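The values are calculated or read from the model by the stated rules, or taken from the named source; none is laboratory data. Because the structure is a prediction, the values reported are computed rather than measured. Counting neighbours? That spans all protein chains shown, and the Cβs are built from the backbone with ideal geometry, glycine included.
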Amino acid sequence: MNLRPAHVLRLFLHYLVLAVIAIVCVFPFWWTFVVAISTKGNMFEFPPTFWPQAVSLENFSEVFRVIPMWNFLKNSILITVATVIGKLVICSLAAYPLSRMAFRGKKLVFGIILATMVLPSEVNFLVNFVSMTKLGLVDTYTGVVLPNIVTAVSILLLKQAFDEVPQDLLDAARVDGALEWVIFYRIVLPLMTPWLATVGILTAVEAWNEYIWPSIIIAKPEDFPLSAGVLYLRGTYGSSTRVIAAGTMLTVAPILVAFLFTQRFFMRGMDGAVK
Amino acid sequence: MTQHRYQTRLAYLFLMPALVLLAAFSFWPVFYGSYLSFTDFSLIRATHWVGLANYQALFNNDMFLTGLKNSLIFLLVVPLTQIGAMSLAVMVNNQLPAIRWFRAAYYVPVVTTVSVVGIMWGFMFHEQGALNFVLLQLHVITVPLGWLSDDALALFAIMFVSFWRGLGWYMVMYLAALQSLPAEMQEAAILDGANRWQRFWRITVPMLYPTIMVCSMMSVLAALKAYQEVDVLTQGGPMNSTFTALYYAYDQGLKHLKLPRGLAASFVVSICCIGIAFGCLKYLKPRHRE
C-alpha cells in the first residue's frame, strides 16, 4: 500500500469528486424518500428538512386511498411480464436463423431489421394510435405491449449470443437428424440463459418505465400502469406533495431494487452494444 | 436442393412473427405517417390531400420555430454529457474500494422512469425547493430562482435534467470501451515514463475515438429528439418557452388532435437527424479501416 502524503491526498480528492457527483445523482431520490416518510410541516420551506421527521407510513396508506395503487401495480407487472416473454420468444426465434441457418434472402432480411434502427421512430405512436384504433386494440394491454415486443437492438444482441454457440454442437445434432426446431430449443437455447436474462432485464426496465404510450392507449386512469399513474396522481386535485412523493417512491422502488441485484446484466448488455 | 428450400421455408417461419410486428409498428408508421403529413387526416371524417400545406403552416408557426431553436440550444447538452461521462468512466475504471457502489449510483437515474424524474425534479426546482436552498447557502445566488417558472431559465433546467439522466448511460458505454482496451499500451507508456495526463491524451483518447464518435452521435440525436423531459417538467411552458421541435409534434398530434401537423413536424426533425447520422457515419468509416 502506497501511503505517501501526495498519494493519499490524490485518493482523497478522487473520492471527493466521485462522492459529489454521486450525491447529485442520488439526492432527488433521497429527498423524495424523506418527504414521503415524514409527516410534519410543509415540504417547501427554508430551511428544508433533508432528514426524516415524525416518521410514519401515513402518506403511503393515503396513496392507496386516493388512487388505485394496487391496480397500477398489477397493470405494470402484467405489461412488463407480457413484454418480456413476448420479446424473448419472438426475438430469439428471429435471431436464431439469422445466426445459424443458411437461407435465401438472409442478408436482405438482416438489413431490413437493422434499418429500423435509423427510422425516425420517436413519434411512431402518433400513427400507431391510428393503427390500434383500426385494429380495435385501443384500451387493451395487447395494444400497449405489441409495438414494444420487437426491437432491432434485441435481435442484434441475441444474434451475437447465438453466434457464440460452437458450430460442432449444431453439426453433431444435425448429423444425428435432429429437427431444426429441436436443436433450437433443446440444445442452443439452454446455452443462452445469461443472454436471455440480460435482454429480459433490459426489456423489463424499459417496459416498466414507459409512460407515454400506455397513457395514450389506455382510456381510464385506473387501468394505467404505475409510471403513467404516478403522473395522474400528481395531476389529481387535492393530493398533497407528501402523498405524491410516497406514490413516486412506490413507483421507483421495484426498479431500484431489481437494478441493485442485477447490475452486472446492465453492464453485459452494454458490452454487446459497444461491440 | 429440397433440403435447402426446406431450410429457407423454416427460417422464414422462425422470422415471421418478428417481421410482421416490425412491419406493422416500425415501418408502417413511417410510410403511412409521411403520407398522412400531406393530408388533412382525422379519425372522424374523410381524408383529403393538401400537399405541402402542413409543412408551410409549420414554418409560419412561432411555436414550432421556437421549438426548432430550442432543440438546437439543447445540443449544448451533448459536449457536457460526453466530456462528463468520459471523465467519470476514467475515474471509476479501477478496483478502488466501493467503486461498484459509485458506478451504481451514477446509473440509478438511467433506470428511473421519466415520469418519476419529472416529479422529483419538480420538487428540486421548486422556488422553495432543495436546489435554491443549497445554492443560497453556497452564496451562488442571492434570491431564490424560479427554475421552471422563469422563461429565461426553464429550458436550461430541462437540459440539466437531460444531462443528469444521460451521464450514467454514457459512462457505462465508455467504461465498457475502456475495459476492452489492451493493457499493454498503457504499461509500455508507463515504462517509457509517460505521466497520467500524457497517457490519457496520447493513448486512451485516440483508442476510444470510435466510441466517442458513436456516443456523440447518439447524444446529438437524443438531444434533437428531446421531448419527454419537457412533457413531465413544464409541458412547454412558461409562455411556450420550453417547446422543443418534437414536443411541438407531440403536443399538436396528440393533445390538439392535429395529427398531420404533428407528423409534419416530426418528419422535419427526422430528416435533420438522418442527415446528421449519415454525416457522422461517413466521417467514422475511414478511421475504422485503419
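Taking every residue in the range B:263-275 that is free of Cβ contacts under 8 Å to residues at least 24 places away in the same chain and pairing it with any residue that is of a type outside the set (Asp, Glu), at least 6 positions away or on another chain, the pairs with Cβ-Cβ distances below 6 Å are B:Ser270/A:Pro120. Look at the range B:1-16: where a residue is under 14 Å from A:Val109 (Cα atoms) and facing chain A (nearest Cβ under 7 Å) and a partner is modelled with pLDDT of 85 or more and surrounded by fewer than 11 Cβ atoms within 10 Å (Cβ to Cβ), sitting 6+ places away or on another chain with Cβ atoms under 9 Å, you get B:Thr8/A:Ala102; B:Ala11/A:Ala102. Kindly indicate whether any position in the range B:124-145 is among the acidic types (Asp, Glu), in contact (Cβ under 8 Å) with a residue 12 or more places away in the chain and more than 9 Å from chain A (Cβ to nearest Cβ). Checked the range B:124-145: no residue is among the acidic types (Asp, Glu), in contact (Cβ under 8 Å) with a residue 12 or more places away in the chain and more than 9 Å from chain A (Cβ to nearest Cβ).
Residue-wise test of (1) in a loop (DSSP other than H, G, I, E, B); (2) at the interface with chain A (Cβ under 10 Å from one of its Cβ atoms).
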residue	(1), (2)
B:Met185	no, no
B:Ile203	no, no
B:Ile212	no, no
B:Cys215	no, yes
B:Asn240	yes, no
B:Tyr248	no, no
B:Phe267	no, yes
B:Ser270	no, yes
B:Ile274	no, yes
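Evaluating A:Thr142 against the criteria (1) crowded, with 19+ Cβ neighbours inside 10 Å; (2) away from every other protein chain (no Cβ under 11 Å); (3) polar (S, T, N, Q) leaves one unmet condition, (1).
Can you list the helices (runs of 4 or more DSSP H) lying wholly within the range A:70-153 that have 1 or more residues being farther than 24 Å from A:Tyr232 by Cβ and out of contact with any helix residue (DSSP H, G or I) (no Cβ under 9 Å at 6 or more places or on another chain)? If you could, list the steps in order and put the result at the bottom.
Details: elements: A:106-115, A:124-135, A:141-145.
Once the helices (runs of 4 or more DSSP H) in the range A:70-153 are filtered for at least 1 residues that are farther than 24 Å from A:Tyr232 by Cβ and out of contact with any helix residue (DSSP H, G or I) (no Cβ under 9 Å at 6 or more places or on another chain), what remains is A:106-115, A:124-135.
Restricting attention to the range B:84-123, the residues that are assigned to a helix (DSSP H, G or I) and without any contact (Cβ under 8 Å) to a residue 12 or more places away in the chain total 12. Taken together, A:Phe50, A:Phe46, A:Phe29, A:Phe64 contain a single residue that is at negative phi, crowded, with 16+ Cβ neighbours inside 10 Å and either in contact with a Lys or Arg (Cβ under 7 Å, 6 or more places away or on another chain) or not assigned by TED's automatic domain parsing to the domain that holds A:Leu250 (or both), which is A:Phe29.
Evaluating B:Met159 against the criteria (1) in a helix (DSSP H, G or I); (2) at the interface with chain A (Cβ under 7 Å from one of its Cβ atoms); (3) not charged (D, E, K, R) leaves one unmet condition, (2). If you filter the range A:233-267 down to residues that are within 18 Å of A:Trp31 (Cα to Cα), part of a helix (DSSP H, G or I) and among the hydroxyl-bearing types (Ser, Thr, Tyr), you find that the one that is modelled with the lowest pLDDT is A:Thr241.
Consider the range A:33-48 and keep the residues that are touching a helix residue (DSSP H, G or I) at 6+ places or on another chain (Cβ under 7 Å) and assigned to a loop (DSSP other than H, G, I, E, B). The one that is nearest to B:Ala130 (Cα to Cα) is A:Pro48.
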